[in-house]
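Quick notes on the structure that follows.
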Amino acid sequence: MKKEQSLNIDLNLVKKIAKLARLEFKEEELSNFALEFQQILSFVSQILRESSVGHFTISRVQPFSNLREDEEGDSSTERELLLEQFLEREGDYLKIRKILEK
Amino acid sequence: MENYTILDLYSLYQKKEVSPVEVVELYLQKIEAENPKLFCYLFTTPELALEQARLSEKRWACENPLSFLDGIPLSIKDNILIKGVRCTAGSKMLENYVASYDATVISKLKKAGAVFLGKTNLDEFAMGSSTENSAFGPTRNPLDPERVPGGSSGGSAAAVSANLCVASLGSDTGGSIRLPAAFCGVVGLKPTYGSVSRYGLIAMASSLDQIGPITKTVSDARILFEVISGKDTRDFSQVLPEEMPEEKEKIVIGVPKEYFLSEMEEEVIGAIQDFLELMTEKGYEFQEISLPSLPLSLPVYYVIVASEISSNLARYDDLRYGKKKVKVERDFWEYYFQSRGEFLGKEVKRRIMLGTFVLSTGYYEAYYKKAVLLRENIREDFLRAFKKVDLILAPVSPSLPFKLGEKITDPVKMYLSDIFTVSVNLAGLPALSIPIAFPKGLPVGIQFIAPPFKEATLFKIGEKVEAFLSQR
């Protein structure tokens, strides 16, 4: 864990976080965003100074099953609604963008 | 046109003084005339609404309504899915997305015979407190169109306030039902976390989101809540009590000292003080309580909500939801980055970035894990207080509805609007926002906060408060 210290949000850190977040920023947006991000981070960093914390206990989690019961019935309408939203389609042949690099 | 409540219309339908089709046509005409100025609705669904109204009319003709909601025209916040209807979440990313299934709350409303007039405007992906973050333009407050209606369910609250629908459904993650209800002078309920299914609600923060009613009266909120709540096997985050808690006759109301801040606007403080005096005259007992973890609610909330947002919004890669307009000849990763950069708005990106940062290696322990533990402190404070009092009274907003543009360029200033609401979501509690005064013609709302699953207590006190406020 990194030491709690006042963080300086520079453009390199913003670019690094943006890459993790899969977000592209235009160059002209970056410096303004870095400033806002610094302000927001300073705001939430109040919690770093709080020493008295509770205990998260697993017993608080309600004893429910995580197996869902799916709805029975006709799903043909849903299938068509879903397929209509593909960018390119020929019958049941659906085209999406290439994701494998050469 | 009459400012109908659910109960008013139910009675009129029973007496055959008006029909569902007539009412729906009137509302659609009114929306066409007034929506361009207020922009409550992103779009209407007239064909669906009239088809539902015609079916309702047949049932009423046979004196066989499905429920109190049969033929009642509602608006729905545009992050709740209706099958075959666009659902944009106020975002360019989902501009062309058509829902392929009904949210559970929508299925329940359809079975109850309700009518859907259209989808209402919201802050993009429900992130905001003013509805100014909508990618399609802000909604204006019907009580003063130069001011915000609150957010993120601003379109819903404004539509109810302007009588462009009888009632609406919104969603509340950090105050997004209660704040717009307070800013528009209407009633808003944030239910106990887990009591209303989130299936079909576009997820923002899964441990905080709840769908709830925005209505003209407390009785209407009760009717809507009773229809939309209850077990749903498709939402395994639901938590329902084995037995409903008993209702008490005499209620003691806690007033947390941490909630009354010097930074609040004078009109808000004045309205609440007058209200407390009135309640005391009516025989209600108040007790000062302390919720010591409250001052940290906002930063804790924003760490947790941003973390969950960064996870929930990772799915928006411009491939899965809705046909895209832009054909870009770049490889997948470049396209993924670019489309998210282009189609997601500033506030959404801020929160994704914050969430990504606080969940990243080296910061996770200090921020996210700490916030989760502090959340327990906040919840414990409330539960401890509820051993001494039955309800807690608190402001909804530190200010009257502010002007459009006043806070939008300062994200932290905007976040401070949520100061009184987020702790309720962190603790998973129910809360009811009711308008209590209109200083300078602008509404002030207060919220009653109850222990888990005590919505009945909220409705009971809410109805009494409404009655004696109307006599003043």
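The values are calculated or read from the model by the stated rules, or taken from the named source; none is laboratory data. Since we're looking at a predicted model, the values are computed, not measured. Neighbour counts are summed over all protein chains in view; Cβ atoms, including those assigned to glycine, are modelled from backbone coordinates with ideal geometry. In case anyone asks, the SASA skips ligands and DNA or RNA and just uses the protein heavy atoms, side chains included. Shrake-Rupley method; radii C 1.70, N 1.55, O 1.52, S 1.80 Å.
Some points to look at:
- Selection count, the range B:137-167, where residues are within 29 Å of B:Asp70 (Cβ to Cβ) and under 9 Å from the mean Cα position of the chain (by Cα): 4
- Per-region count, the range B:181-213, residues part of a strand (DSSP E or B) and either open to solvent by 10 Å² or more (accessible area, probe 1.4 Å) or not polar (S, T, N, Q) (or both): 9
- Single condition B:Met93 does not satisfy, out of (1) at negative phi; (2) modelled with pLDDT of 95 or more: (2)
- Selection count where residues are open to solvent by 70 Å² or more (accessible area, probe 1.4 Å) and either within 8 Å of chain B (Cβ to nearest Cβ) or at pLDDT below 70 (or both), scope the range A:80-102: 8
- Selection within the range A:7-44 - in contact (Cβ under 8 Å) with a residue 24 or more places away in the chain and within 8 Å of chain B (Cβ to nearest Cβ): A:Phe37, A:Leu41
- Residue within the range B:43-53 that is hydroxyl-bearing (Ser, Thr, Tyr) and open to solvent by 40 Å² or more (accessible area, probe 1.4 Å) present: yes
- Top-ranked residue of the range B:64-73 - restricted to ones that are of a type outside the set (Phe, Trp, Tyr) and in contact (Cβ under 8 Å) with a residue 12 or more places away in the chain, ranked as nearest to the other protein chains (Cβ to nearest Cβ): B:Leu66
- Matching option when the condition is more than 25 Å from B:Ala427 (Cα to Cα) and of a type in the set (Phe, Trp, Tyr), among B:Tyr301, B:Tyr259, B:Tyr321: B:Tyr321
- Looking across B:Glu365, B:Glu376, one residue alone is open to solvent by 40 Å² or more (accessible area, probe 1.4 Å), over 17 Å from B:Tyr259 (Cα atoms) and at the interface with chain A (Cβ under 8 Å from one of its Cβ atoms). It is B:Glu365.
- Some residue of the range B:416-431 being open to solvent by 10 Å² or more (accessible area, probe 1.4 Å) and more than 17 Å from the chain's Cα centre (by Cα): yes
- Number of the exception - B:Phe337 against (1) within 28 Å of A:Leu48 (Cα to Cα); (2) at the interface with chain A (Cβ under 9 Å from one of its Cβ atoms); (3) surrounded by fewer than 22 Cβ atoms within 10 Å (Cβ to Cβ): (1)
- Residue count for the range A:5-31, restricted to those that are assigned to a helix (DSSP H, G or I) and open to solvent by less than 80 Å² (accessible area, probe 1.4 Å): 9.
- Residues satisfying the stated conditions in the range B:74-95, i.e. within 13 Å of chain A (Cβ to nearest Cβ) and open to solvent by 10 Å² or more (accessible area, probe 1.4 Å): B:Lys83, B:Gly84, B:Val85, B:Arg86, B:Glu95
- Any hit, the range B:62-74, residues being aromatic (Phe, Trp, Tyr), more than 30 Å from B:Lys349 (Cβ to Cβ) and assigned to a loop (DSSP other than H, G, I, E, B): yes
- In the range B:96-108, of all residues being in contact with a helix residue (DSSP H, G or I) (Cβ under 8 Å, 6 or more places away or on another chain) and either of a type in the set (A, V, I, L, M) or outside any helix (DSSP H, G or I) (or both), the one that is farthest from the other protein chains (Cβ to nearest Cβ) corresponds to B:Val105.
Every residue, every condition in (1) touching a residue at least 12 places away in the same chain (Cβ under 8 Å); (2) at negative phi; (3) part of a loop (DSSP other than H, G, I, E, B), yes or no:
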site: B:Asp274; (1), (2), (3): yes, yes, no
site: B:Gly283; (1), (2), (3): no, no, yes
site: B:Glu288; (1), (2), (3): yes, yes, no
site: B:Leu313; (1), (2), (3): yes, yes, no
site: B:Asp318; (1), (2), (3): yes, no, yes
site: B:Phe337; (1), (2), (3): no, yes, no
site: B:Glu347; (1), (2), (3): yes, yes, no
site: B:Tyr363; (1), (2), (3): no, yes, yes
site: B:Tyr367; (1), (2), (3): yes, yes, no
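- Of the residues contained in the range B:8-21, none is found to be surrounded by fewer than 16 Cβ atoms within 10 Å (Cβ to Cβ), hydrophobic (A, V, I, L, M, F, W, C) and closer than 21 Å to B:Ser156 by Cβ.
- Cβ pairs under 7 Å, 6+ apart, first in the range B:210-237 and within 14 Å of chain A (Cβ to nearest Cβ), second hydrophobic (A, V, I, L, M, F, W, C) and open to solvent by 10 Å² or more (accessible area, probe 1.4 Å): B:Lys231/B:Leu240; B:Phe236/A:Phe64
- Of all residues making up the range B:116-137, the number that are open to solvent by 20 Å² or more (accessible area, probe 1.4 Å), in contact with a Pro (Cβ under 8 Å, 6 or more places away or on another chain) and among the polar types (S, T, N, Q): 0
- Residue within the range B:62-79 that is among the charged types (D, E, K, R) and more than 29 Å from B:Ala306 (Cα to Cα) present: yes
- Members of the range B:109-144 that are closer than 30 Å to B:Val21 by Cβ, in a strand (DSSP E or B) and not small (Gly, Ala, Ser): B:Val115, B:Phe116, B:Leu117, B:Lys119, B:Thr120
- Test result for B:Arg140, open to solvent by 10 Å² or more (accessible area, probe 1.4 Å) and touching a Cys at 6+ places or on another chain (Cβ under 9 Å): yes
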